[in-house]
Amino acid sequence: MVARHTWLLPPVLAVCLAVALLAADASAPLHLEALLAFKKAVTADPLGALSGWTVGAGDAVRGGVPRHCNWTGVACDGAGRVTSIQLLQTQLQGALTPFLGNISTLQLLDLTENAFTGGIPPQLGRLGELQQLILAENGFAGGIPQELGDLGSLELLDLGNNSLSGGIPSSLCNCSAMWALGLDTNNLTGQIPSCIGDLDKLQIFEAFMTNLDGELPPSFAKLTQMKSLDLSANKLSGSIPPEIGNFSHLWILQLVENRFSGPIPSELGRCKNLTRLNIYSNRFTGAIPRELGELVNLEELRLYDNALSSEIPSSLGRCTKLVSLGLSKNRLTGSIPPELGELRSLQTLTLHDNRLTGTVPTSLTNLVNLTYLSLSNNSLSGRLPENIGALRNLRKLIIHSNSLSGPIPVSIANCTLLSNASMSSNELTGHLPAGLGQLQGLVFFSVGNNSLNGSIPKDLLHCVNLRTLVLASNNFTGGLW
């Protein structure tokens, strides 16, 4: 006969368990009330996400764990206290109840991609244990509650893609644990709070498309843990502080479509982890820093649509991971550096609308992954590289409005993916090359305003997708087939 034993808990453990059970019992009705208030404020639930959020007689607690801990999207700790509400992409409509502020143990609230409207309840500021508040991609309106600055445990706040208005509350600077802040795609106004540097743990800051204005505050230089910064499509002005060079963890910097001015800081060359540097459509002046050539992990460098006036630094040829290089619509001078031919991963190279001179380097034919090459509206001269046909992935060749001379290389027929070839307004001579009929994807072909001669090859008829053919202002003879 197996002896039966009665196991007794150690006194300390027994006391802790009793306290936890008492806490669960005390909080359960309050949490249940808040969850039911949440459901009541939802006016449409087309996917039935909350259909199981029901209670009946004796349902408040089962086996020591409140039943609502098993509701869809709700999670509790071991003591039965609600710690998480996650209802992503459930198409819920309605308002967000202020009663959620009563779930004091809540650590995560994620309602991404629903259709909630109305204001963000200031009562959420009472959630002292909240670590992540994610309300992105809804229809929330009104201001960002100042009370959110009371969330001392908050690490991630994402309010992006809503209809929020007003300024960024300076009280958010009190959330010293925050490492991610998303405010993008709203109707915010005003400046970045002067105290933003107090968030010295911040790694991700996204506030693009929010109508912010003013300059970056001096304290911005303290955000040295930053990894991803996107302030694009605002009305921000002033200069990029040279202290940006201390952002050694930075891997994405996007400040496009603002009013930034002054020089591009050479100190950016110290941000060795950068993979994307996109600061186009601003008012930057001066030189492209040669130090950018130190950014050997860079995949995107887009500086177009500014007022840069230097030569293109040959050091960029060391950025061998570049996929996109956009320097167009500036005032760049000098020749195209042959070193750009070292960028074997490059798919897009746009240098149009500058003041470039010299020839098209033969080394560019090494860019076998190139799909888009735009050199138009410069003062380039000389012949096109004979081996341009090595660019077998090329889809767009835009070289019009230069002073290029000589014949169109026969090898261009090897660019069988070409859809747009714009070569008008140059000084090209000779015959149209044979084999153009191999360009089955050709949609636009313009060689107007050159000095081409001879007959028009009949195999152009094989370009069945051709929609625009410009041959005017040349010296062609014979008929059009």
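The values are calculated or read from the model by the stated rules, or taken from the named source; none is laboratory data. What you see is a predicted model, and the numbers here were worked out from it, not measured in a lab. Here the Cβ is made from the backbone with ideal geometry for all residues, glycine too, and neighbour counts use every protein chain on show. Keep in mind that these areas ignore ligands, DNA and RNA; they rest on the heavy atoms of the full protein, side chains included. Shrake-Rupley method; radii C 1.70, N 1.55, O 1.52, S 1.80 Å.
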Binned at 5 Å starting from 0, the alpha-carbon pair-distance distribution of region 148-220 in whole percents comes out as 4, 18, 28, 29, 19, 3
Once both label points are put 7 Å beyond Cα along the C-beta direction, the Val443-Leu461 separation in nm becomes 2.5 nm
Excluding residues fewer than 8 positions from Lys227 in its own chain, the lysines with Cα under 25 Å of it are Lys201, Lys235, Lys272, Lys321
Rounded to the nearest Å, the spacing of the alpha-carbon centers of region 205-221 and region 391-458 is 46 Å
Note: the chain, point scatterers on Cα, Debye, no solvent; log10 I/I(0) at q = 0.08, 0.12, 0.13 Å⁻¹ equals -0.68, -1.02, -1.10
P(r) over all Cα-Cα pairs of region 59-211, 5 Å bins from 0 to the longest distance, whole percent per bin, short to long, reads 2, 10, 18, 22, 21, 13, 7, 4, 2, 1, 0
For region 332-385, Rg(Cα) over 2.2 N^0.38 Å is 1.05
Taking protein heavy atoms only, a 1.4 Å probe, and rounding to whole percent, the accessible area of region 337-481 owed to carbon and sulfur comes out at 48 percent
Projected area averaged over all directions for the convex hull of the alpha carbon atoms of region 365-460, nm², comes out at 5.2 nm²
Partner aspartates and glutamates whose C-alpha sits under 18 Å from that of Lys39, ignoring same-chain residues fewer than 8 away, are Asp59, Asp110, Glu113
Ordering Cys175, Cys195 by the accessible surface of their heavy atoms, 1.4 Å probe, largest first, yields Cys195, Cys175
Note to self: C-alpha centroids of region 177-198 and region 264-288 sit apart, in Å, by 22 Å
Rounded to whole angstroms and listed largest first, the alpha-carbon spread of region 99-144 along its three principal axes comes to 26, 17, 15
Given backbone amide H placed at 1.01 Å from N, residues whose amide H is under 5 Å from that of Gln440, ignoring those fewer than 5 places away on the same chain, are none
Expressed per residue, the solvent accessible area of the chain in Å² (1.4 Å probe) is about 43 Å²
Over all viewing directions the Cα convex hull of region 275-365 casts an average projected area in nm² of 4.8 nm²
